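Working notes, structure below.
The values are calculated or read from the model by the stated rules, or taken from the named source; none is laboratory data. Note that the coordinates shown come from a computational prediction; the quantities given were computed from them, not determined experimentally. Please note: Cβ atoms are built from the backbone with ideal geometry, for glycine as well, and neighbour counts cover all protein chains shown.
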Amino acid sequence: MAADGQLVTFGVVPTAAETGYGYIRQGESHKGAYRVAEFVEKPELSVAQQYVSDGGYVWNSGMFMFKASRYLEELKTHRPDIYKACEVAIDEAARDEDFLRPEPSAFEACASESIDYAVMEKTSSAVVVPVECDWSDVGSWSALWDISEKTAEGNAIIGDVIAEDTSNSYLRSDSKLIAAIGLENVVIVESDDAIMVASKDRVQDVKKIVEKLKAQGRSETELHRKVYRPWGYYDSIDHGKRFQVKRIVVSPGQQLSLQMHHHRAEHWIVVSGTARVTRGDDVFLVGENESTYIPLGVLHRLENPGAIPLEMIEVQSGSYLGEDDIVRFEDTYGRD
């Protein structure tokens, strides 16, 4: 069917009234499959039970098969704005090493839309193939609990966790100790960015928390504590009103852009490896247990000339410490 130009999606035959999945209502029979009659959002439990009893509904697996050319034709018809934004972003993309970087302004202009909404709900060429198999989209923490190895108490435990009189719960720690006492059917997830605690049957509501964070302008919705860059990564260790501390790791042979800052100065302490530092007109090496200082407004660059990762601690101080206070004069990776 996909070879004939149909846009095929796979619908999992439901085994229970699941409220965490969307559904597809099957239409008329078509070559061993069904025309898509309707995509249905995640339902309430009573509605999900009706769908299962009806027999004409399948779970929306989010898996598709189609020719790229056919999908682009349908996208151009139903969402020409998305098609045009993506076309410009790729046509004007820049390459550096193994990276393909879409043209930023065009890519940012592209609407955030799923395949379902943009094309599959609008096209007349959508067909659904029912599939009977063990399947989970692992789209929630409770779904992870379902597939995880569990203790005798029914707990899925990952990381540094101590549980007392706690059962049927998902407890995950990436760094800090989690101590759980007297709990049942909960999800506790600790990461570098935040800690989430939720009833296992309410984890789908995490999107409500995300909406509140966005409304409050919180940075957690945009940036992780650990941020990867073409040259390596940095980890924001601590921050205050006029300071910020980062752990910076630069891969062998890589370098940051030649840059300056209007609002902050920086102290660099090398923990391991060797740094080649450009500071104004001076270029010099800084070794392990050595440090240097970059005054506000001074042109500078950090490089790793060695064969092992360069690890260093950066202490920023100033009136504004945002990532947008970077003026690049030269960049290996083609960034503005």
Apart from one, (1) modelled with pLDDT under 95; (2) within 18 Å of the chain's Cα centre (by Cα); (3) not in a loop (DSSP other than H, G, I, E, B) all hold for residue 223; the odd one out is (3)
Can you name every residue in region 238-250 that is assigned to a loop (DSSP other than H, G, I, E, B) and either under 21 Å from residue 327 (Cβ atoms) or in contact (Cβ under 8 Å) with a residue 12 or more places away in the chain (or both)? 242
Regarding region 96-109, can at least one residue be identified that is touching an Asp or Glu at 6+ places or on another chain (Cβ under 6 Å) and not assigned by TED's automatic domain parsing to the domain that holds residue 17? yes
With criteria (1) closer than 17 Å to residue 63 by Cβ; (2) among the hydrophobic types (A, V, I, L, M, F, W, C); (3) surrounded by 16 or more Cβ atoms within 10 Å (Cβ to Cβ), residue 13 comes up short on (3)
Identify, from the list 217, 253, the residue that is touching a residue at least 40 places away in the same chain (Cβ under 8 Å), surrounded by fewer than 16 Cβ atoms within 10 Å (Cβ to Cβ) and outside any strand (DSSP E or B). 253
So residue 235 clears everything in (1) farther than 14 Å from residue 193 by Cβ; (2) touching a residue at least 24 places away in the same chain (Cβ under 8 Å); (3) among the charged types (D, E, K, R); (4) out of contact with any Ser or Thr (no Cβ under 9 Å at 6 or more places or on another chain) except one condition, right? Which one? (1)
Do any residues in region 131-142 that are of a type in the set (Val, Ile, Thr) have Cβ atoms under 9 Å from those of residues that are assigned to a loop (DSSP other than H, G, I, E, B), where the two are at least six apart or on different chains, and which pairs are they? 131/13
Scope region 316-330; condition in a strand (DSSP E or B) and either surrounded by 15 or more Cβ atoms within 10 Å (Cβ to Cβ) or of a type in the set (S, T, N, Q) (or both); matching residues: 316, 317, 318
If I ask for residues that are closer than 22 Å to residue 257 by Cβ and in contact with a strand residue (DSSP E or B) (Cβ under 8 Å, 6 or more places away or on another chain), which ones from region 54-99 would you list? 93, 94, 95
For region 262-308, please list each of the strands (runs of 3 or more DSSP E) lying entirely inside it that holds at least 3 residues being crowded, with 17+ Cβ neighbours inside 10 Å. 264-272, 275-279, 300-303
